[in-house]
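The values are calculated or read from the model by the stated rules, or taken from the named source; none is laboratory data. Here the structure is a predicted model, which means the values were calculated and not measured. Here Cβ is always computed from backbone atoms with ideal geometry, including for glycine, and neighbour counts include all displayed protein chains.
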Amino acid sequence: MSEYLLIKKVYETKPVDQTIVVKGWIKSLRQSKKFSFLVLNDGTTQRDLQIIVDATLPNYEEVTKLTMGSSVEIEGLMVASQGKQPVELQAKRVHIFCVNTEDYPLQKKETSLEYLREVAHLRSRTNTFSAVFRLRHVLAQATHQFFTNESFAYLHTPIITASDAEGAGEMFRISTLNLDKLPRSEKGQIDFSKDYFGRETFLSVSGQLEAETFAVGGLGRVYTFGPTFRSENSNTARHLSEFWMVEPEASFFTLEDNAKLASNYVKHLITSALKECGDELEFLASRYSPENLKNLEHVMNSPFEMVTYTKAVEILTEVSKTHKFEYPVSWGMDLQTEHERFLAEQYFKRPTIVTDYPKEIKSFYMKQSEDGRTVRAMDVLVPGVGELIGGSQREDNYDKLVKRMAELKMETSNYWWYLDLRKYGSVPHSGFGLGFERAVMYISGMSNIRDVIPFPRTPKNAEF
Ligand code: 4AD
Ligand code: MG
């Protein structure tokens with residue numbers, strides 16, 4: 001690879017009067033007999049570089065045949081500019097890698113977000129998606145930075161598992177058995193002892209149980225950040241079948257410590273985005289969600305709201321006298337997205353942490369409260385998205401946990417290692433899971449989760 005300057009660096013260093021080489025793809029262009037303007041971007045920054053190509057260049061004829069999205073290398077003199085951009089490049093040499101033909105799918109008129117999902121392999125060529133994915137990168141880095149600063153160790157939990165971490169039965173099976181010739185027991189049941197792992201196995205819905213074993217087992221504070229898989233049949237703008245989750249788990253944390261950690265983490269994500277992706281956020285706000293930047297700055301300056309589930313239901317019941325919800329509100333129901341969004345967007349107008357849910361609508365592992373009806377759970381709800389985080393203090397009492405699993409008819413023998421934690425050096429501990437795509441949605445202001453993951457997996461869709 002010959003030496004060249006990234007366009008990001010061009011704007012950082014503004015090497016006026018120097019000859020430099022840049023490479024990239026043409027965003028837009030204007031050609032004439034005397035000279036051409038090319039607008040170039042190489043993916044490292046939201047800002048494009050304007051290039052002037054004079055007709056005196058020996059291959060000018062070829063330059064006039066360039067089209068949108070074509071790829072080039074250009075050597076030229078950097079000059080200060082009177083135009084919108086502070087600098088521009090006067091080309092001395094244009095090398096053409098590839099000229100796009102007329103069937104290039106990203107012609108201007110067709111680039112709706114829906115259309116772009118059909119050509120997801122080319123999405124990063126657009127301003128919108130390069131902005132979203134630079135932001136996604138910054139949020140991933142900020143995640144590692146935040147938990148490292150809080151003394152959490154990054155733990156790689158397994159993707160293949162034999163246990164259902166949420167107990168919700170939404171797992172994708174992994175098997176090497178021949179579907180046409182399934183081995184069966186005498187009673188006719190499938191004999192999984194003949195399968196690859198000698199038992200039933202699945203893709204993980206959450207790394208939590210394994211994270212708990214390391215947190216309580218001895219590392220104290222750990223976090224996972226990896227892909228998780230759910231076969232729930234939810235075709236919505238906020239569900240994916242494969243999504244990335246960040247799951248911290250900390251020994252000696254109460255639910256209140258957990259809530260504090262969650263709000264500090266979300267604020268750190270926003271701070272990092274505002275600091276490192278200002279151009280991207282401005283662009284996305286101007287296109288898709290004009291109030292987004294103002295809202296994010298507002299969040300930085302106010303504490304998250306904390307409210308119990310019981311209180312939230314009281315509020316929603318009162319509100320439903322004048323506001324029509326699709327799903328009726330009553331104590332014991334699971335909050336629907338419309339309720340979650342109402343609380344965060346219209347009632348509290350900021351991220352809201354709802355705590356102490358009825359045990360029937362939450363997972364088996366959550367710490368049971370004295371009242372016998374609720375568990376020490378928390379959901380963090382944010383404007384525009386609804387549920388961003390789900391977490392809890394964990395049940396650390398062996399007998400109570402076994403009893404709850406029995407009530408839910410769970411196969412405790414699969415969880416013997418998880419139960420061991422409650423026998424040997426058990427401590428109070430808590431954790432949560434943040435849906436990483438939902439965080440990218442919230443901070444970017446994009447309204448469909450398919451637009452913040454490179455290749456979305458949803459029911460009936462695994463293209464690319
Ligand atoms: O609330 P959930 O199901 O919690 C857990 O999985 C816990 N084991 C986490 C923990 O305590 N360690 O999922 C956590 C978050 C949700 O709040 C949501 O943001 C996201 O994961 N999420 C999804 N994101 C996209 N598509 C889906 N199908 C999602 N399901 C959950
Ligand atoms: Mg949840």
**Asked** Scanning for something out of contact with any Asp or Glu (no Cβ under 7 Å at 6 or more places or on another chain) and crowded, with 18+ Cβ neighbours inside 10 Å, does segment 173-191 turn up at least one residue?
**Response** no
**Prompt:** Name the residues in segment 381-396 that are farther than 18 Å from M306 by Cβ and near ligand 2 (Cβ under 10 Å from one of its atoms), would you?
**Reply:** none
**Message:** Go through (1) within 17 Å of A259 (Cβ to Cβ); (2) within 16 Å of ligand 2 (Cβ to nearest atom); (3) in contact with an Asp or Glu (Cβ under 7 Å, 6 or more places away or on another chain); (4) not β-branched (V, I, T) for S363 and report which single condition fails.
**Reply:** (1)
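Given A140, A162, which one is at pLDDT below 95 and either in contact with a strand residue (DSSP E or B) (Cβ under 8 Å, 6 or more places away or on another chain) or farther than 23 Å from V452 by Cβ (or both)? Can you show your working first?
Details: A140 fails: at pLDDT below 95.
Result: A162 is the single residue among A140, A162 that is at pLDDT below 95 and either in contact with a strand residue (DSSP E or B) (Cβ under 8 Å, 6 or more places away or on another chain) or farther than 23 Å from V452 by Cβ (or both).
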**Subset of segment 325-351 (residues that are in a loop (DSSP other than H, G, I, E, B) and more than 25 Å from S234 (Cα to Cα))** = F348, K349, R350
**Asked** How about segment 307-340: which of its residues are surrounded by fewer than 18 Cβ atoms within 10 Å (Cβ to Cβ) and within 23 Å of the chain's Cα centre (by Cα)?
**Response** Q336, T337, E338
**Asked** Taking into account only those residues within segment 383-422 that are modelled with pLDDT of 95 or more and under 30 Å from H298 (Cβ atoms), which is farthest from ligand 1 (Cβ to nearest atom)?
**Response** Q393
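Hey, which of the strands (runs of 3 or more DSSP E) in segment 158-261, taking only ones fully inside, have at least 3 residues that are of a type in the set (F, W, Y)?
On the way: elements: 201-203, 221-229, 242-251.
Counting at least 3 such residues, we get 221-229.
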**Asked** Within segment 269-291, is there a residue that is in a helix (DSSP H, G or I), in contact with a Pro (Cβ under 8 Å, 6 or more places away or on another chain) and either crowded, with 22+ Cβ neighbours inside 10 Å or without any contact (Cβ under 8 Å) to a residue 40 or more places away in the chain (or both)?
**Response** no
**Message:** Checking the conditions here, which among T310, T355, T322 is away from ligand 2 (no atom under 16 Å from the Cβ) and not in a loop (DSSP other than H, G, I, E, B)?
**Reply:** T310
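Of all residues in segment 419-464 being aromatic (F, W, Y) and either without any contact (Cβ under 8 Å) to a residue 12 or more places away in the chain or surrounded by fewer than 21 Cβ atoms within 10 Å (Cβ to Cβ) (or both), which is nearest to F146 (Cα to Cα)? Reasoning before the result, please.
Of all residues in segment 419-464, those aromatic (F, W, Y) come to 424, 432, 436, 442, 455, 464.
Next, only the ones that are either without any contact (Cβ under 8 Å) to a residue 12 or more places away in the chain or surrounded by fewer than 21 Cβ atoms within 10 Å (Cβ to Cβ) (or both) stay: 424, 455, 464.
Working: Y424: 30, F455: 26, F464: 33 Å.
Out of the qualifying residues, it is F455.
Yes or no: segment 397-410 includes at least one residue that is among the polar types (S, T, N, Q), touching a residue at least 24 places away in the same chain (Cβ under 8 Å) and within 16 Å of ligand 2 (Cβ to nearest atom). Give the derivation first.
First pass over segment 397-410, keeping only residues among the polar types (S, T, N, Q): 397.
Filter once more, so that each one left must be touching a residue at least 24 places away in the same chain (Cβ under 8 Å): 397.
Going one step further and asking which of them are within 16 Å of ligand 2 (Cβ to nearest atom), we end up with none.
Within segment 397-410, not a single residue is among the polar types (S, T, N, Q), touching a residue at least 24 places away in the same chain (Cβ under 8 Å) and within 16 Å of ligand 2 (Cβ to nearest atom).
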**Request:** Take segment 202-222 and flag every residue that is surrounded by fewer than 19 Cβ atoms within 10 Å (Cβ to Cβ) and touching a Ser or Thr at 6+ places or on another chain (Cβ under 7 Å).
**Result:** G220
**Request:** Find the residue count for segment 137-157, including only residues that are surrounded by 18 or more Cβ atoms within 10 Å (Cβ to Cβ) and not in a helix (DSSP H, G or I).
**Result:** 3
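Which one is surrounded by the most Cβ atoms within 10 Å (Cβ to Cβ) among residues in segment 396-418 that are under 19 Å from F253 (Cβ atoms) and over 33 Å from the mean Cα position of the chain (by Cα)?
Pass one, segment 396-418, residues under 19 Å from F253 (Cβ atoms): 396-397, 400-401, 418.
Next, from what is left, pick out any that are over 33 Å from the mean Cα position of the chain (by Cα): 397, 400.
Values: N397: 15, K400: 13.
Among those residues, the one meeting the criterion is N397.
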**Asked** Are any residues in segment 114-173 within 16 Å of ligand 2 (Cβ to nearest atom) and in contact with a Pro (Cβ under 9 Å, 6 or more places away or on another chain), and if so, which ones?
**Response** none
